[in-house]
Amino acid sequence: MKEDRAYLKGFIPYALAALLISLVGGFSAVLGPAFVQDLGIAYNNTTWTALAQATSTAAFAPILGKLGDVLGRKVTLLGGIIIYTLGNVLAALSSSLGVMLIARFIVGVGAAAVAPVVLSYIVTEFPPAKVAKGFSMYMLISSAAVVFGPALSGLIISAYGWRAMVWVCVALCVIVFIPCALSGDKKTTLRKKLDHFDGLGAVLVLIFFSLTLCIPSFGQNFGWKSSAFLVVLVAAVIAFVGLVLAECRAVHPILPGSFMRRRAFILSVLALTLTQGLMQANMTNTIIFVNYTQPTNDVISAYAISVMYLGMSLGSVLLGPLADRFEPRTVLTISLLLTGISCALLLLFTADASLLLLMASLGLLGFGLGGNGTIFMKVALSDLPADKAGAATGTYGLFRDLAAPFGVAVLVPLFTNSITDYTAQGITEADAAVRAIHTLSVIEIICVAAGILVVLMLPRIHHERRRHHASEK
């Protein structure tokens, strides 16, 4: 019992940091559309504000996860919160798109420092039989804290403007930093010398994955034959070749090859890319859809997004732990079916879509994604050694965090550009938004179906464990 209390007590600062990231993330969910509307610029610029943070969050995850193994978890955690706070301060002061992009990029760096150390603590400090529950706890914290964020931020923005909402986020950062800094960490990871740090690999990871996220956005916004798109594509190919060569030669590579070559990791990442990106894309597209069809209703989309995060909380608690009792790929198939149904509900959207329909679509989507996120972590992060937990969780975090911005980079420009194309044909903006959301629904259903096929190819974890235990006997 004392041991149980010890590892749970040690988890408090990490839980608070995860709570901060999710809570501020919920508040910031409506920041992009509100900011571009305030500046009077096109809604497709929402893609850039989302990608700025998503790029740094994903690309810096393996780098800062590796540094977490070297510097220690608590130092990395506190440094991440400080950077996260500074990014939000700059966002509150932003008066141009360029400054806002820099601010959101810095916010992403801070988030990238926090997530790997939280996951690393669960993997190494929780009892082996409770790691899956630890992941469920993490997913619950990450999603439950966002439930009221979009709705509250929508009310704050409506009453006082988006800058006031961001200053509230800054205050939350300061409030959480104090107990995290004062908390004891008796079982923290030991600091190591920064020998053979893969600096070149770190730079190339940042460059390659940043360019990868830009490829679909540049293609859809500037044209697939434009010089801007071709430059990004060629640069990404060069960066990829350089990254492969650098990682092959590195003594301690940023991306652990033995971890990434596992079948469970490869298939989990592929399924994540096909499905989890729908969460961020549908959230952003719903906000834009409501702005086009019901421009006088300032908070309807915020309420719907809050329900989505409530669904994620329930999914992580109700579906996630089922993977400890039943085959994970079976539970994943069920969650993905629910995700597909939520995407099909987009076909029912009309120009005067009710709050109930918006809530049903995003709530069911969140329920499926909450279960998926927990189970994918269980499948991909099992049996990690303590000295490599930071690098491995950071690498997983890289691909997990790439899934959502990839969905944004592909589906948000597709949605906004479709509206532009329809309006150019003389169709009203409201009707154009309805047609675009219906097209999006069909594409997402196809992606979910492909994701289910990938999940069915995952290794049977419980079957393998039973066979292993039987051979030991």
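Listing for the model above:
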quantity: Matching residues in the stretch 39-49 - criterion: being modelled with pLDDT under 75, assigned to a helix (DSSP H, G or I) and touching a Ser or Thr at 6+ places or on another chain (Cβ under 9 Å); calculated: Tyr43, Asn44, Thr46, Thr47
quantity: Out of Val89, Val99, Val36, sole residue that is part of a helix (DSSP H, G or I) and without any contact (Cβ under 8 Å) to a residue 24 or more places away in the chain; calculated: Val99
quantity: Residue identified as small (Gly, Ala, Ser), over 20 Å from Thr416 (Cα atoms), modelled with pLDDT under 85 and in contact with a helix residue (DSSP H, G or I) (Cβ under 7 Å, 6 or more places away or on another chain) among Ala34, Ala103, Ala115; calculated: Ala115
quantity: Inter-residue pairs, beta-carbon under 7 Å, first under 15 Å from Gly363 (Cα atoms) and in the stretch 133-153, second at pLDDT below 70 and buried (at least 22 other Cβ atoms within 10 Å of the Cβ), 6+ apart; calculated: Pro150/Ala302; Ala151/Ala302
quantity: Filter result for Gly315 (touching a Phe, Trp or Tyr at 6+ places or on another chain (Cβ under 8 Å), at pLDDT below 80 and surrounded by 21 or more Cβ atoms within 10 Å (Cβ to Cβ)); calculated: no
quantity: Subset of the stretch 262-290 (residues that are more than 20 Å from the chain's Cα centre (by Cα) and either at pLDDT below 80 or crowded, with 24+ Cβ neighbours inside 10 Å (or both)); calculated: Phe289
quantity: Failed item in (1) in contact (Cβ under 8 Å) with a residue 24 or more places away in the chain; (2) outside any helix (DSSP H, G or I); (3) not hydroxyl-bearing (Ser, Thr, Tyr), with Leu398 passing the rest; calculated: (2)
quantity: Criterion: within 30 Å of Leu119 (Cβ to Cβ), buried (at least 22 other Cβ atoms within 10 Å of the Cβ) and at pLDDT below 85 - qualifying residue of Ala386, Ala304; calculated: Ala304
quantity: All positions within the stretch 1-29 that are in contact with a helix residue (DSSP H, G or I) (Cβ under 7 Å, 6 or more places away or on another chain) and either at pLDDT below 75 or of a type in the set (Asp, Glu) (or both); calculated: Ala29
quantity: Residue within the stretch 71-83 that is in contact with a Ser or Thr (Cβ under 8 Å, 6 or more places away or on another chain), buried (at least 24 other Cβ atoms within 10 Å of the Cβ) and among the small types (Gly, Ala, Ser) present; calculated: no
quantity: Matching option when the condition is part of a helix (DSSP H, G or I), buried (at least 20 other Cβ atoms within 10 Å of the Cβ) and modelled with pLDDT of 90 or more, among Ala436, Ala450; calculated: Ala436
quantity: Condition met for Leu332 (assigned to a helix (DSSP H, G or I), under 22 Å from Gly26 (Cβ atoms) and in the same structural domain as Thr273 (by TED's automatic domain parsing)); calculated: no
quantity: Total residues in the stretch 211-261, condition surrounded by fewer than 20 Cβ atoms within 10 Å (Cβ to Cβ), of a type in the set (Ser, Thr, Tyr) and part of a helix (DSSP H, G or I); calculated: 2
quantity: Some residue of the stretch 189-199 being modelled with pLDDT of 85 or more, surrounded by fewer than 20 Cβ atoms within 10 Å (Cβ to Cβ) and over 30 Å from Val455 (Cβ atoms); calculated: no
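The values are calculated or read from the model by the stated rules, or taken from the named source; none is laboratory data. A quick note: this is a predicted structure, and the numbers were derived from the prediction, not measured. Glycine gets a Cβ as well: all are built from the backbone with ideal geometry, and neighbour counts include every protein chain shown.
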